[in-house]
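What follows is a short report on a single structure.
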Amino acid sequence: MNYHILTLFPQMVTEGLNTSIIGRAAEKGLITINALNIRDYSKDKHRHVDDAPYGGGAGMVMQPGPVCDCYEDLCRRLNKRPRVLYMTPQGRVFSQAIAQELAREEDLVFLCGHYEGIDERALSRIVTDHLSIGDYVLTGGELPAMVMIDCISRLVPGVLNNDESAQIDSFHDNLLEYPQYTRPEIYEGMQVPPVLLSGHHKNIEAWRRQESIRRTLTMRPDLLENASLTKKEQEFLKALREEIHEESACAQEYSVIE
Ligand code: ADE
């Protein structure tokens with residue numbers, strides 16, 4: 001997977017992605033991180049890349065020329081026109097499903113804006129996808145690009161040590177990950193669930209699956225709509241729902257008595 005990041009702050013991206021698992025993946029050549037400085041494509045003697053918005057208003061807008069020239073230069077060198085993902089709070093909210101789809105590409109371009117955004121003509125000419133990392137506004141697109149690169153990279157074969165872990169993690173099957181425990185067996189009086197010490201792999205797997213369902217129901221019940229559960233698991237979920245319903249009815253009754 002080759003990432004090309006079009007930015008005014010290339011150092012922010014290269015330094016943010018050169019450690020830990022993503023840094024190791026780059027060292028191994030499983031991914032490449034190519035940060036391109038949009039400012040290098042300014043035709044201005046002061047290397048300006050922004051100007052005041054037509055029609056007035058606060059802030060500065062990034063000019064279309066340097067952005068498009070930067071992308072066209074990249075396309076010439078690659079001899080192809082990769083997808084351009086524009087980082088914007090107006091875009092589709094990034095998800096694990098989008099990451100999986102993007103991980104199938106060979107090259108991805110991340111376009112990072114700053115100031116009040118980028119001239120609409122550049123966006124309409126080169127952008128293929130508008131993507132957001134959530135309903136809040138950041139100062140630029142570099143952090144969203146880094147978030148997406150991190151997420152997509154762990155889906156690239158060989159990036160994670162254990163091939164399985166990308167599959168089992170949170171959101172696999174639309175279920176959250178089960179709780180994890182490690183030594184010591186008892187911490188501050190709290191015991192590790194005995195089934196995990198039993199060595200009985202089938203029981204451990206069944207317990208983990210049930211805890212995933214329980215956790216998803218309490219923390220992200222919206223995900224369950226798209227989870228694929230066996231008949232037995234659906235029954236377990238139904239029983240859990242009834243249990244929770246009874247508990248909350250009990251708590252309500254108790255508060256009335258108080
Ligand atoms: N740029 C500024 N805020 C953003 C967000 N929430 N997602 C993606 N790009 C952004």
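The values are calculated or read from the model by the stated rules, or taken from the named source; none is laboratory data. Keep in mind the model is a prediction, meaning the values are calculated, not measured. Reconstructed Cβ throughout: ideal geometry from the backbone, glycine too, with neighbour counts over all protein chains shown. Accessible surface is based on the protein model in full, side chains and every heavy atom, while ligands, DNA and RNA are left aside. Shrake-Rupley method; radii C 1.70, N 1.55, O 1.52, S 1.80 Å.
Between residues in the stretch 123-152 that are within 18 Å of Val61 (Cβ to Cβ) and in contact (Cβ under 8 Å) with a residue 24 or more places away in the chain and residues that are within 6 Å of the ligand (Cβ to nearest atom) and open to solvent by 20 Å² or more (accessible area, probe 1.4 Å), which pairs lie under 8 Å by C-beta distance while being six or more apart or on different chains?
Once the first residue is within 18 Å of Val61 (Cβ to Cβ) and in contact (Cβ under 8 Å) with a residue 24 or more places away in the chain and sits in the stretch 123-152, its partners that are within 6 Å of the ligand (Cβ to nearest atom) and open to solvent by 20 Å² or more (accessible area, probe 1.4 Å) give Val137/Pro89; Leu138/Pro89.
Between residues in the stretch 59-74 that are within 14 Å of Ser42 (Cβ to Cβ) and free of Cβ contacts under 8 Å to residues at least 40 places away in the same chain and residues that are open to solvent by less than 10 Å² (accessible area, probe 1.4 Å) and part of a loop (DSSP other than H, G, I, E, B), which pairs lie under 6 Å by C-beta distance while being six or more apart or on different chains?
Pro66/Val49
Mind checking which residues of the stretch 155-170 are open to solvent by 90 Å² or more (accessible area, probe 1.4 Å) and either within 23 Å of Leu240 (Cα to Cα) or at pLDDT 95 or above (or both)?
Hit for the stretch 155-170 is Pro157, nothing else.
Can you pull out every residue in the stretch 91-113 that is surrounded by 15 or more Cβ atoms within 10 Å (Cβ to Cβ), more than 9 Å from the ligand (Cβ to nearest atom) and farther than 16 Å from Met1 by Cβ?
Once the filter is applied, which keeps residues that are surrounded by 15 or more Cβ atoms within 10 Å (Cβ to Cβ), more than 9 Å from the ligand (Cβ to nearest atom) and farther than 16 Å from Met1 by Cβ, the stretch 91-113 yields only Leu111.
How many residues are within 14 Å of the chain's Cα centre (by Cα) and open to solvent by 20 Å² or more (accessible area, probe 1.4 Å) if we restrict to the stretch 139-154?
Total meeting the criteria: 6.
Of the residues in the stretch 76-106, how many are among the small types (Gly, Ala, Ser) and more than 21 Å from Arg154 (Cα to Cα)?
1
What residue, among those in the stretch 81-90 that are within 21 Å of Cys70 (Cβ to Cβ) and open to solvent by 30 Å² or more (accessible area, probe 1.4 Å), is farthest from the ligand (Cβ to nearest atom)?
Ranking the qualifying residues of the stretch 81-90, first place goes to Arg81.
So which of Val159, Val147 is touching a Ser or Thr at 6+ places or on another chain (Cβ under 6 Å) and within 30 Å of Pro10 (Cβ to Cβ)?
The match here is Val159.
Could you tell me whether Tyr136 is among the aromatic types (Phe, Trp, Tyr), modelled with pLDDT of 95 or more, within 15 Å of the ligand (Cβ to nearest atom) and open to solvent by 70 Å² or more (accessible area, probe 1.4 Å)?
yes
Are any residues in the stretch 119-133 within 11 Å of the ligand (Cβ to nearest atom) and either outside the structural domain of Pro10 (by TED's automatic domain parsing) or open to solvent by 10 Å² or more (accessible area, probe 1.4 Å) (or both), and if so, which ones?
Passing the criteria: His130, Ile133.
Being surrounded by 10 or more Cβ atoms within 10 Å (Cβ to Cβ), assigned to a loop (DSSP other than H, G, I, E, B) and not polar (S, T, N, Q) is the filter here, so list the residues in the stretch 185-210 that pass it.
Answer for the stretch 185-210, where residues must be surrounded by 10 or more Cβ atoms within 10 Å (Cβ to Cβ), assigned to a loop (DSSP other than H, G, I, E, B) and not polar (S, T, N, Q): Glu185, Val192, Pro193, His200.
Looking at the stretch 171-183, which of its residues are open to solvent by 70 Å² or more (accessible area, probe 1.4 Å) and modelled with pLDDT of 95 or more?
Hits for the stretch 171-183 are Gln180, Tyr181, Thr182, Arg183.
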